[in-house]
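Student: Pasting a structure here, questions to come.
The values are calculated or read from the model by the stated rules, or taken from the named source; none is laboratory data. Since the model is a prediction, treat every value here as computed from it, not as a measurement. Neighbour counts run over all protein chains shown; Cβ positions are idealised from the backbone, glycine included.
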Amino acid sequence: MSMMAVAIAASVASAGLTAYSSYEQAKAQKQEGNYNAQVARNNATIDLQQRSSSLQQGDVEAQQAQMHQAQVLGAQRASLAANGIDLTQGSAQDLLTTTKFLGAADVNTIQSNAARTAWGYSVQNMNDSSAANLTQWKADSISPIKVALMAGTSSLLGSASSYASSKAGSSGGSGGKVTRIPGNGTTDGAR
């Protein structure tokens, strides 16, 4: 087998290995992208579940606060009535009105906090959904076969270019260099 055949075989083998390696790397990147997109989709689903849970928890806490307020009002009314105080006027009426107001404020605060927490989960859901879409788009844009073909072709072209350069340099020419001959101007080649 001639040196030329060995060089060609080595170049083709090198291009094949380069193509295979590039294919496997691109395939792994695509799989990683698909996995990361699925993780982001799972996170988006969890965000919606947490949003729902925080609203339900807010409702439960608000109901508990309302029941507590009713118990406090009942105890105040009973205590004031037991002492013969008129509940419809003066300090007694002010006390009961203040208790109702503070109880309503507690319920509003609980509901507001639950809504704010739910909103945070909604925003996180949008972020996770966007991340999933972007990651999936990136994964879908990876074509292991195209990457392998480009890498193999590039390797073959690089080998051909190297071979052509080495042949041009060993042909006895100047390898593309310009040589000046005094008094004769510029020429390409030997003197």
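Student: So which of S53, S22, S14 ends up being free of Cβ contacts under 8 Å to residues at least 12 places away in the same chain, of a type outside the set (A, V, I, L, M) and either surrounded by 13 or more Cβ atoms within 10 Å (Cβ to Cβ) or on the phi > 0 side of the Ramachandran plot (or both)? So that I can check it myself, show each step before the final result.
Tutor: Working: S22 fails: free of Cβ contacts under 8 Å to residues at least 12 places away in the same chain; S14 fails: free of Cβ contacts under 8 Å to residues at least 12 places away in the same chain.
When all the criteria are applied, what remains is S53.
Student: Based on this model, can you work out whether A92 counts as under 56 Å from the mean Cα position of the chain (by Cα), surrounded by 14 or more Cβ atoms within 10 Å (Cβ to Cβ) and either modelled with pLDDT of 95 or more or part of a helix (DSSP H, G or I) (or both)?
Tutor: Taking the combined requirement at face value, the residue does not satisfy it.
Student: Looking at S129, S165, S154, S161, which one is more than 30 Å from A9 (Cα to Cα), assigned to a helix (DSSP H, G or I) and either at pLDDT below 95 or within 33 Å of the chain's Cα centre (by Cα) (or both)?
Tutor: None of the other options fit; the residue is S129.
Student: Is there a residue being modelled with pLDDT under 95, closer than 27 Å to L134 by Cβ and touching a helix residue (DSSP H, G or I) at 6+ places or on another chain (Cβ under 7 Å) anywhere in segment 14-25?
Tutor: Checking segment 14-25: at least one residue is modelled with pLDDT under 95, closer than 27 Å to L134 by Cβ and touching a helix residue (DSSP H, G or I) at 6+ places or on another chain (Cβ under 7 Å).
Student: Right, next: Checking S141 against (1) among the polar types (S, T, N, Q); (2) surrounded by fewer than 17 Cβ atoms within 10 Å (Cβ to Cβ); (3) touching a residue at least 12 places away in the same chain (Cβ under 8 Å); (4) closer than 30 Å to E24 by Cα, which single condition isn't satisfied?
Tutor: Only one criterion in (1) among the polar types (S, T, N, Q); (2) surrounded by fewer than 17 Cβ atoms within 10 Å (Cβ to Cβ); (3) touching a residue at least 12 places away in the same chain (Cβ under 8 Å); (4) closer than 30 Å to E24 by Cα is unmet by S141, namely (3).
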